[in-house]
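> I'd like to ask you about the structure that follows.
All of the numbers you see were taken from the coordinates with simple rules; none came from a lab. These numbers come from a predicted model, not from an experiment. Using ideal geometry, Cβ is built from the backbone for each residue, glycine included, and neighbour counts are taken over all protein chains shown.
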Amino acid sequence: MQALVLAGGEGTRLRPLTADVPKPVLPLAGRPFLGFMLDWLGRHGVDDVLLSCGFLSDAVEEALGDDWRGIRLRYVREREPLGTGGPLRLAYDEGLLDERLYMLNGDVLCDFDLTAQRERHAETGALATIALTAVEDTSSYGVVPTAPDGQVEAFLEKRPGPAPTNRVNAGCYLLEREVAERIPSGAAASMEHDVFPSLCMNGLYGFHAEGYWMDIGTPERYLEATWDLLGGRIASDLPERDGGGSLVGEGSVVEGARIGPKAVVGERCVVGAGTVVDHAVLHDGVTVGERCALERCIVARDVRIEDGARVEAGAVIGAGAVVAAGATVGAGARVEPGERVG
Ligand code: GTP
C-alpha cells in the first residue's frame, strides 16, 4: 500500500524552529516527527511512501533516508511550491502513483484506524475519502458536513462563527489515482480549495475517524503533542520515561537539575544544578547554566542559556541563540536563530 506525504511547507507558524529544520522532521520527543507518522502508516500495511518536498528537501532526506523500518521512502521534489494539491499531480506525472493511495499532511500526529478508512472507501466506491475528526473549536480547520450516505456536502475552509458540524478535515485521505488527473500539471493547487470542493456530492466521502489527532503546526500544539506522547495518550515506542514522564537523551548531563514533569532534554545537552526544566523541550546540544527556570517553552538545538536566566511559557528560542546570565525571555516571545538576548 502506498502513501504520499506532504512535507514541503514552510511551516511559518512554527518559526523560528522551522528556519532550518522543516516541520515534518522537527524533533518531537527526541525523534523526527515523521517517524511517528511512518510507524502509524506501517501498522496499516503501508510499505511505500512518497515524500513530497520542496522547502529544505535535503534536510528531510538527510533525517529519514530511503528506508524507515522496512518502509521504502522516495522523494518527489518540486522546484516551486505546489501547495497541497500540485504535489499529487507531480507524483502522477512522474509515473509514481499506485491506483489507490493514502495522502497525508505531514504534520498530523494521529492513530486513526486507516484500515477501516480503506474498507469504507472500497464499500462506497468513492473517488476520495477524507478522515473527519471532531474538534471543539472549528474556526482554524476546514469544516466538512456530510449527507446521511456519507457523501461530503460542502468544504468550508477556516471560517469564524458557528459551523454546521464539528467534524473537520484531518488531513488524511484515501484517493483513487484518477483524482490526480483533475489537477493541472506544473501549477500550484490546493486540495482544500480546488480539488475537494469540485468533488462534493460527486465521489467525495467522509470517514468519521475516532482516536487521537493533533496537528503540530503551532508551538502550542507542538508542546501538547509532546506531553501527550510522554504521557502515553498516543501509543508509541518511545523509550521508558522517568517517574515524572520526562525523557533525557543520550550523552546529556543533568545532575542536580530538576527535569520535569513532562520535559524533553535532547542528546548531548548540559543542564546545570538548581535549574528547573518544567514541561519544556530542549533539542540536541543545548547548554543551560545553573539556577535557571525553563517552563513550557521550546529551545532549538545548540542554544546556550546562561546562569540564572528564565524562559517563560510559550517562548520559542531559535537554534544557536544565547540567553545571557540573569536575562528573561518573556512569555510567548520568539528569539531568532543566533540572536543574543541580553
Ligand atoms: P504554515 O506556514 O505554518 O501554515 O505551515 P505549512 O507551510 O506546513 O502549511 P500547512 O500547515 O497548511 O500545510 C499542510 C501540509 O502540507 C504540511 O505537511 C506541509 O508540509 C504541506 N505543504 C504545504 N505547502 C506545501 C507545498 O507547497 N508543497 C508541498 N510538497 N507540501 C506543502
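> Considering only the other residues whose Cβ falls under 12 Å of the Cβ of Thr275, what net charge follows from Lys and Arg at +1 and Asp and Glu at -1?
Here the count lands on -3.
> Of the peptides 13-26, 240-253, 72-85, 131-144, how do they stack up when ordered by the mean number of other Cβ atoms within 10 Å, highest first?
Going by the mean number of other Cβ atoms within 10 Å, highest first, we get 13-26, 131-144, 72-85, 240-253.
> On to the next question. How high is the relative contact order of the chain, in percent, counting Cα pairs under 8 Å that sit 6 or more residues apart? Walk me through the numbers on the way to the answer.
Working: 873 pairs, mean separation 46.7, N = 342.
Dividing the mean separation by the residue count of the chain yields 14 percent.
> Over the chain, consider all pairs of different Cα atoms and compute the Kirkwood hydrodynamic radius from their mean reciprocal separation; express it in Å, one decimal. All intermediate terms of the calculation are to be shown ahead of the outcome.
Working: mean 1/r = 0.0478 Å⁻¹.
Computed over the chain, the radius equals 20.9 Å.
> So, counting K/R as plus one and D/E as minus one, what does the shell of residues with Cβ under 14 Å around Ala257 add up to?
-4
> Starting from the Cα of Ala325, step 7 Å toward the Cβ, then list every residue of the stretch 275-296 with an amide N under 18 Å from that point.
275-276, 287-293
> Tell me, in nm to one decimal, what length is gained between Asp237 and Ser139 on full extension, where the rule is 0.36 nm per residue of separation less the Cα-Cα distance?
Separation in residues times 0.36 nm, less the Cα-Cα distance, equals 32.0 nm.
> Among Ala327, Phe155, Ala293, pick out the residue whose Cα is farthest towards the positive end of the charge dipole of the chain, where Lys and Arg carry +1 and Asp and Glu carry -1 on C-beta, about the Cα centre.
Ala327
> Once you put a point 7 Å from the Cα of Arg15 and another 7 Å from the Cα of Ser190, both along the Cβ direction, what distance in nm separates them?
Taking the simple label geometry, Arg15 and Ser190 are separated by 2.0 nm.
> Please give the net charge around Tyr212, taking every other residue with its beta carbon less than 14 angstrom from that of Tyr212, where Lys and Arg add +1 and Asp and Glu add -1.
Once positives and negatives cancel, what remains is -4.
> Next question. May I ask you to give the average projected area over all directions of the convex hull of the Cα atoms of the stretch 117-202, in nm² rounded to one decimal?
Values: hull surface 23.3 nm².
Mean shadow area of the hull around the Cα atoms is 5.8 nm².
> Let me ask something additional. When the chain is modelled as a GNM with alpha-carbon springs shorter than 10 Å, which of Leu230, Leu51, Leu199 fluctuates the most?
Residue with maximal mean-square fluctuation among Leu230, Leu51, Leu199: Leu199.
> Need one number: nm distance between label points at Glu80 and Thr218, each 7 Å from Cα along Cα→Cβ, rounded to one decimal.
Each label point lies 7 Å from its Cα, and together they span 3.1 nm.
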